[in-house]
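Nothing in this text is a laboratory measurement; each read-out follows from the coordinates by a stated rule. Predicted model only: the values in this text are computed from it and were never measured. Positions of Cβ are backbone-derived with ideal geometry, glycine not excepted, and every protein chain shown enters the neighbour counts.
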Amino acid sequence: MPARGTPRSAAPTGDKRAPTRFGEDMLLWAAWLYYEEGLTQAEIATRIGVSRPSVNAYLADARTRGIVSIEIDPDRFRALTLSQAMQTHFGLNDCMVIPSEGNDNPLTDRLGAAAAQVLRHLTKSGETVAVTWGRTMLAMASHMSHGALRDVRIVQATGSTTAKIPWTPEACATRLAENLGARCIPLSAPAIVSTAEVRDMLLHEPVLAEQMEVLAQADRIVLGISSLRPESTIHTSGLFDEVSIRDHYHAAVGSIAGRMISANGARVDGPLEGRTIGMDLDMIRKVPERMAVAGGMDKVQAILAALRGGYVSTLVTDADTARAILTSEGYEDRPPRRPDAPSEALPERTRVKKFLNRPRDAVDEAIAGALLAHESILAPVDGAPRAIRARHGPRSGKVGLVIGGGSGHEPGFLGYVGQGMADAVAVGNIFASPPPDPILAATKAADGGTGVLHIFGNFSGDLMNFEMAAEMAEAQGIAVRTVVTTDDIASAPLDTRSARRGVAGNVFVFKVAGAACNRMLPLDKCAAIAARAADRCLTMGVALEPGASLDTGRPSFRLGPDDMEIGVGVHGEPGVARTQVKSADETADLIVDRILDEINPANGTEVALLVNSLGSTPQMELYILNRRLRRRLEAHGITVHLTLLGHYYTSLDMAGVSITVMQLDLELKELLNDPCDSPAWSRA
Amino acid sequence: MSSFTRSDLTDLFRAFAQRMAAERTLLGELDGEIGDADHGVAMADGFEAAARALANVEDENQTLGDGFTLAGQVLLNAVGATTGPLYASALTRAATTFGPVQEVPFDHLPALIPAIFEGVERRGHGKPGDKTMLDAWWPAAHVVTHESDSSSGTVECLRAAAQAAAKGAEDTRAMMASRGRAARLGPRSIGHLDPGAVSAAALLDVLASWAADHERLT
């Protein structure tokens, strides 16, 4: 039963017997009326004809007998624990943690609104409040409303700038004073002046000296924290335009009130130090109440620096930022324990048994075994032990298809070499891109005089090595086109699709591109078809157990006994989120919901489906998942033209599954139907 | 004044290789937390292959430039991955810095650090603060180019650079990865050290102690 909070319904009167559904149990009935229907204890007393103290006793009894359990919304609960952990860890007076996800307003705006509340609550009549500048400060000032405060002075904490931004120091101070009904005291000088002498002269001017005097009396300062990341507003502030932050402030990770601080919060001196007018770091530290307002993952390092430096006594931030700051300090944020969670954890897999000789020989020995197993299809490339070609594939006039990537994905890569598929493959170490040499050797082996198409997944190593190999091939007169696959929808949002990983969708892209090359289409046409196929593949993976490194035999990351990892890639790396283990149908739903979100109706309703084991998940479980996937796709009006189910693109021995959907048009469908003969996929 | 010769280069790479072999497991574990756990293998195998190649072709006519180029090429083709192209680019840049000479004065040795920084930055298109190996190479390079003066010795300069790199590596803990495989983890990369920065700091530590030994012996 949830805690009370449902709107109160109009209470009918005169019914003093417990309704039959409560089996004459007064206790249960009282609890129901109180928690579910939202009646007061007095109303319940009238309703069931007992005294109010009896109702009170019933309710207490219902709690102790477990009829009612009170659950706090886990998100709110975590915000509370985060805020307490922040306070304890950094010795803060207060820390307000707002949810990271909220309405559509930007985080700076939501933080500003929260900070306005806190500031209005904390500020007392007669106080002097200094304020810095920036997006968040202006948002706070804008959200501030007139209270009953009297004789409050708002002082600009730094001099002014002429930058064309709305959140200048003067704008922030003026707006805050206006909305609070306070007096505004500006700092009548630029934030940065041309020389130290000018600064010293100005500070002796009576007007400025008086204003600085007020600043020194501040009871409270509200400050933003700026990172030095490229996206930070510090770069548009106009303060540092004339000097290179990189040369002069290389040790700085953040800035408060226009002063640079290091990772430990120490002052970082530079050429502007003697020319800056406004509160310096020592002055800030002396202000009794120092409220910082900042959030965002890019600011974690800067906020941490400000906390370490003692510039903050009250922090307003969001949950993700607070968690990240605490994680950097070694704090582990655990979700509240559910009452039904098993108390005994299963023994963890610490060392996984493997059929290996020397781990460092594993890749070469696996290649040797694959060449023997598939000797009618695969052949070695002379002089390049990590390149393999198709025995019947490369031929004069045909565009060559070269694929490649790290080992550990078997049948990944070499399994897709053969007639009607890739002509050659370059094989890297475990989960590591092959270097340029074998890629070049594969490219030469695949070349039939009309150019070569490179296809691989989007990883920084593969990008660099394939690019270098392509340059070398071009220098030897072989035209190369490149298609990089980006099908993993969990790895980045849709609007940054080019940042996504390329995973199991490769299987369909290799097939379609191999068929296009086999039809003797020209290089640019083959590349365009492959790019379209890649664009239409959507993949998402989940893991139940991490894979184990061949080198150490240990799992590559830790996954608790009840946890499952969402959005895993194919390199044993953790995914994008963690959740409780779900049933097969719930898992299928979770994946299919994400995929359906991105299905483009304009691309037709027919798809190819790949239900792929990430290594140690058996085929039986894949079938169970497939049953639910088909039902969901069908309900969405999607028909499945072709299904692949099994080990097609693995991550060593990870337990888990990835689902790929490729939306088909007529041409892609025909190319998928073309015959092919490769170790992992043959079609007559 | 002593000098840094082609055979010193071999010796230095042997020291790099030894240290990377010793750090292999630790680096793999660090990488497993936010990446694909291959960094220890890549660094150990790459530097071992480079050191072996340098020792094998050590002949009278090889210049320092040839040596660095060879080390870069061999390292690249031994490991691939991201480590290969990045350190290959770094060592190619070092080859240009040291040039077609058989030896340089010993106090030129620190110039290796900014050369490596520039080479890595150029190939990887990253920036300091991205939570990559640059976060160790950059503060170290800064020590060499901005903070050391001629009065302090070569070894002191290299020590200061190594310390700056170690601190830089430690500082990656609070950074969110925005390059490489860990970038896909986004916020979840915070709280973990970047393995590339840790291995870079170890290389710089080796460079400083190797130079100290070298100076003591000559």
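A few notes on this one:
- Cα-based shape type of the protein assembly as shown, given that a ≥ b ≥ c are square roots of the gyration tensor eigenvalues and the cut on a/c is 1.5: oblate
- A simple charge model with +1 on the Cβ of Lys and Arg, -1 on the Cβ of Asp and Glu and nothing else charged puts the dipole of the stretch B:3-217 at about 700 debye relative to its Cα centre.
- Length-normalised contact order for the stretch A:362-518 - Cα pairs under 8 Å, 6+ apart - percent: 23 percent
- Candidate aspartates and glutamates - alpha carbon under 14 Å from A:Lys124, same-chain residues fewer than 8 apart omitted: A:Asp151, A:Asp219, A:Glu289
- Over the C-alpha atoms of the stretch A:487-612, the Rg to Rh ratio, Rh being the Kirkwood estimate, stands at 1.03.
- Based on Cα contacts under 8 Å between residues 6+ apart, chain A shows a relative contact order of 9 percent.
- Take the Cβ atoms of A:Leu494 and A:Glu178, set R0 to 41 Å, and the FRET efficiency comes out at 0.50.
- Whole-Å distance, taken between Cα centres, linking the stretch A:406-430 and the stretch A:544-600: 24 Å
- Ordering A:Ala30, A:Gly541, A:Ser396 by Cα displacement along the dipole of chain A toward the positive end leaves A:Ala30 in first place; charges were set at the Cβ atoms of Lys, Arg (+1) and Asp, Glu (-1).
- Cα centroid separation - the stretch B:32-66 against the stretch A:608-664, whole Å: 41 Å
- Checking the cross-link pairs A:Lys354/B:Lys167; A:Lys511/B:Lys127; A:Lys164/A:Lys299; A:Lys398/A:Lys669 against a 32 Å limit on the alpha carbon distance flags A:Lys354/B:Lys167; A:Lys511/B:Lys127 as lying beyond it.
- Lys, Arg +1 and Asp, Glu -1 on Cβ, resulting dipole of chain A about Cα centre, debye, nearest 20: 1000 debye
- Alpha-carbon centroid distance for the pair the stretch A:181-214 / the stretch A:443-476, whole angstrom: 62 Å
- Selection from B:Asn61, B:Ala211, B:Leu193, by position along the positive dipole direction of chain B (Cβ): B:Leu193
- Each listed q (0.12, 0.14, 0.15, 0.16 Å⁻¹) maps to a log10 I(q)/I(0) for the stretch B:3-217, found by the Debye formula over equal Cα scatterers with no solvent: -0.56, -0.77, -0.89, -1.02.
- DSSP H segments from chain B that extend 15 Å or more along their own axis, Cα-based, with Kyte-Doolittle mean of 1.0 or above: B:64-79
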